[in-house]
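Below: the structure, in structure tokens.
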Amino acid sequence: MAESVFLGLDVGTSGVKAILVAPSGDVVASATSPLSMSTPQPGWAEQDPEGWWQATLASIAAVKGKLADARIAAIGISGQMHSSVFLDREGAVIRPALLWCDGRTTAECAEITSRVGGEERLRDLASNPALEGFTLPKVLWLRNHEPDAFARLATILLPKDYIRYRLTGALATEPSDASATLMYDTAHRRWSDEIMRAVELPASLLPDVGESAGVLGRVSAKSSSLIGIDEGTPVVGGGADNACGAAGVGVVAPGEVVTSWGTSGTVLAPTPTPLVDPRLRAHTFCHVLPNMWYLMGVVLTAGGAFSWYQDQLARELAGATDAAAQLDAEAASVPRGAGGVTFLPYLQGERTPHRDAAARGAMLGLSLAHTRAHLTRAVLEGICFALRDSVTILQSLGLSPNHMLLTGGGAKSALLRRLQSEIFGLPVTTVNREEGPAYGAALLAAVGAGAFPDLPSAVRATLARAPLDVPDPQAHLDYVQPYARFRESFLAARPDLFAHG
């Protein structure tokens, strides 16, 4: 009899990833199908949900082709947070989805805050401020700007929930994604009737909420014929990409903190209670475990800032297989503090701690004595300083980890691991799986299928960590002044404040 495996899907912005995970935790097949993004106007970002579905079909076919005799026992799905899918009464998509990075809803954010009774009341109800990326502002934008489309609206879904709908016919979501819509009472893990009344939207627009490891649908006969997976195969709730990403590296318990570098960067810490930053510099969302939340700081350009730097100022390394290693060597040749050069990585505005879409990047303190090696080190240190802002917020709220798990791009080189350890002043470690949110989704599928009693058990059985890398205390002290200089330089990231004429 073929071994049972678990299918994890991740509906990202740039592609849909599919992995097959054995009960041992080994990834036995992986495939990604690319996606394109439309920008009809500056600051807008849209995708056609049909594109997600076609990419899902392609990725499933690819992994099944690599392991033809596998029996898929359950499916878990992760996906980009906040992005809106608008369905009519027949379940058809009304218009392209507005994505998490779409910035057209500034007026709607102000409208929500006003209707609810101010930011403090919104914080009490949703544990978060109104930001352009969230889902509710997109719904109001549809009502304000496309009334004919809004008149057809019957259901609002998140991207991974749309894929479950196509797989199973079930309209459902789970707390980790629901808590990122601004329509959810995050502390009490239920839709907020008060918010919906304040913005004059019917609760009937919202799907039922189940648990992330709960079975929220089963593969339909129609989908079974398309994907070659048995009809009736359970599809669990899954989770938002950040929550599934944390689960996929084992960060599921209080006291744990994970720092992740992708295009953006995050610092995420689970909490047993819905802890909220009074100043709303960090987000509070539900985790993919029952009665667990997490606090998260977001740096909008982390790996994205370094990619920009490499593309623009190290073009001669383009295409070189060791380009990253060469830049690492340059940076390592320069002392801590980059010779007084400070880089502000706010190339697309910033989320934590500044909540400032108008912020921009800057390179400060340059002289004729500086080389590209100084700039390279300054860029890497600036990204780490921005992440340290989030670490500092967590510590100010009583979350004081004794070590930090690193994942994504920031975990790939010894230099980047050491920089983070020294700048955070914490030992760091890595994990033996780097499949991202799709791996967390697969673990949730395994729990839903009964292979493990709960997510912590699945994590213990499948994940292992490297020994802690402990920083030199003097190195952390050497960064006190450069970090202070970074913090004091934020005004330089707001050139619009100096506009005149």
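Contact map, region 335-346: residues that are over 9 Å from Ala378 (Cα atoms) paired with residues that are among the basic types (Lys, Arg) and in a loop (DSSP other than H, G, I, E, B), Cβ distance under 6 Å, separation 6+ or inter-chain. Pairs shown: Tyr346/Arg360.
Taking region 458-492 as the range and being among the aromatic types (Phe, Trp, Tyr) and either in a helix (DSSP H, G or I) or within 25 Å of the chain's Cα centre (by Cα) (or both) as the test, the residues that pass are Tyr483, Phe486, Phe490. Kindly evaluate Val219 against the criterion of being over 21 Å from the mean Cα position of the chain (by Cα) and not small (Gly, Ala, Ser). Yes: the conditions hold for Val219.
Considering only residues in region 6-20 that are touching a residue at least 60 places away in the same chain (Cβ under 8 Å) and outside any strand (DSSP E or B), the one that is surrounded by the most Cβ atoms within 10 Å (Cβ to Cβ) turns out to be Gly12. Here Gln41 meets the list (1) modelled with pLDDT under 95; (2) closer than 30 Å to Asn128 by Cα; (3) touching a strand residue (DSSP E or B) at 6+ places or on another chain (Cβ under 9 Å) almost entirely, failing just condition (3). Yes or no: Thr155 of a type in the set (S, T, N, Q) and either more than 26 Å from Gly12 (Cβ to Cβ) or in contact with a strand residue (DSSP E or B) (Cβ under 6 Å, 6 or more places away or on another chain) (or both)? Yes: the conditions hold for Thr155. If I filter region 379-390 for residues that are closer than 23 Å to Leu415 by Cα, of a type outside the set (Asp, Glu) and surrounded by fewer than 22 Cβ atoms within 10 Å (Cβ to Cβ), do I get at least one hit? So far as region 379-390 goes, no, none of its residues is closer than 23 Å to Leu415 by Cα, of a type outside the set (Asp, Glu) and surrounded by fewer than 22 Cβ atoms within 10 Å (Cβ to Cβ). Scanning region 270-283 for residues that are buried (at least 24 other Cβ atoms within 10 Å of the Cβ) and within 18 Å of Phe385 (Cα to Cα) yields a total of 1.
Pairs meeting the criteria (first residue in region 28-53 and without any contact (Cβ under 8 Å) to a residue 40 or more places away in the chain and closer than 14 Å to Asp10 by Cβ, second residue crowded, with 19+ Cβ neighbours inside 10 Å and among the charged types (D, E, K, R), beta carbons under 9 Å, at least 6 apart or on different chains) are Ala31/Lys17; Thr32/Asp10; Thr32/Lys17; Ser33/Lys17. Of all positions in region 404-419, at least one carries a residue that is touching a residue at least 40 places away in the same chain (Cβ under 8 Å) and under 30 Å from Pro234 (Cα atoms). Of the candidates Ile163, Ile229, the single residue that is surrounded by fewer than 24 Cβ atoms within 10 Å (Cβ to Cβ) and touching a strand residue (DSSP E or B) at 6+ places or on another chain (Cβ under 8 Å) is Ile229.
Table: residues versus (1) among the acidic types (Asp, Glu); (2) under 22 Å from the mean Cα position of the chain (by Cα); (3) part of a helix (DSSP H, G or I); (4) assigned by TED's automatic domain parsing to the domain that holds Leu295.
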| residue | (1), (2), (3), (4) |
| --- | --- |
| Ile383 | no, yes, yes, yes |
| Leu387 | no, yes, yes, yes |
| Ser390 | no, yes, yes, yes |
| Leu416 | no, yes, yes, yes |
| Leu426 | no, no, no, yes |
| Tyr439 | no, yes, yes, no |
| Ala451 | no, no, no, no |
| Pro456 | no, yes, yes, no |
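Name the residue that is surrounded by the fewest Cβ atoms within 10 Å (Cβ to Cβ), counting only residues in region 194-221 that are in contact with an Asp or Glu (Cβ under 9 Å, 6 or more places away or on another chain) and in a helix (DSSP H, G or I).
The qualifying residue surrounded by the fewest Cβ atoms within 10 Å (Cβ to Cβ) is Ala221.
Pairing residues of region 440-467 that are acidic (Asp, Glu) with residues that are part of a helix (DSSP H, G or I), at Cβ distances under 7 Å and at least 6 apart in sequence or on separate chains, gives Asp454/Val447. Restricting attention to region 482-496 and to residues that are surrounded by 12 or more Cβ atoms within 10 Å (Cβ to Cβ) and out of contact with any Leu (no Cβ under 8 Å at 6 or more places or on another chain), the residue that is nearest to His374 (Cα to Cα) turns out to be Pro482. A search for C-beta distances below 8 Å between a residue of region 265-292 that is within 11 Å of Pro129 (Cα to Cα) and any residue that is of a type in the set (Asp, Glu), counting only pairs 6+ apart in sequence or on different chains, returns Leu280/Glu119; Thr284/Asp277. Considering only residues of region 303-351 that are assigned to a strand (DSSP E or B), of a type outside the set (Phe, Trp, Tyr) and touching a helix residue (DSSP H, G or I) at 6+ places or on another chain (Cβ under 8 Å), which is nearest to Gly133 (Cα to Cα)? Per the criteria, the residue is Glu350. Screening Ser400 on (1) touching a strand residue (DSSP E or B) at 6+ places or on another chain (Cβ under 7 Å); (2) free of Cβ contacts under 8 Å to residues at least 24 places away in the same chain; (3) small (Gly, Ala, Ser) shows it passes everything except condition (1). Highlighted here are the helices (runs of 4 or more DSSP H) found entirely within region 48-149 that include at least 3 residues which are small (Gly, Ala, Ser) and buried (at least 16 other Cβ atoms within 10 Å of the Cβ): 49-66. Return yes when Leu226 is in contact (Cβ under 8 Å) with a residue 24 or more places away in the chain, assigned to a helix (DSSP H, G or I) and not assigned by TED's automatic domain parsing to the domain that holds Phe343 and no when it is not. It is true that Leu226 is in contact (Cβ under 8 Å) with a residue 24 or more places away in the chain, assigned to a helix (DSSP H, G or I) and not assigned by TED's automatic domain parsing to the domain that holds Phe343.
The values are calculated or read from the model by the stated rules, or taken from the named source; none is laboratory data. What you see is a predicted model; the values in this text were computed from it and never measured. Glycine gets a Cβ as well: all are built from the backbone with ideal geometry, and neighbour counts include every protein chain shown.
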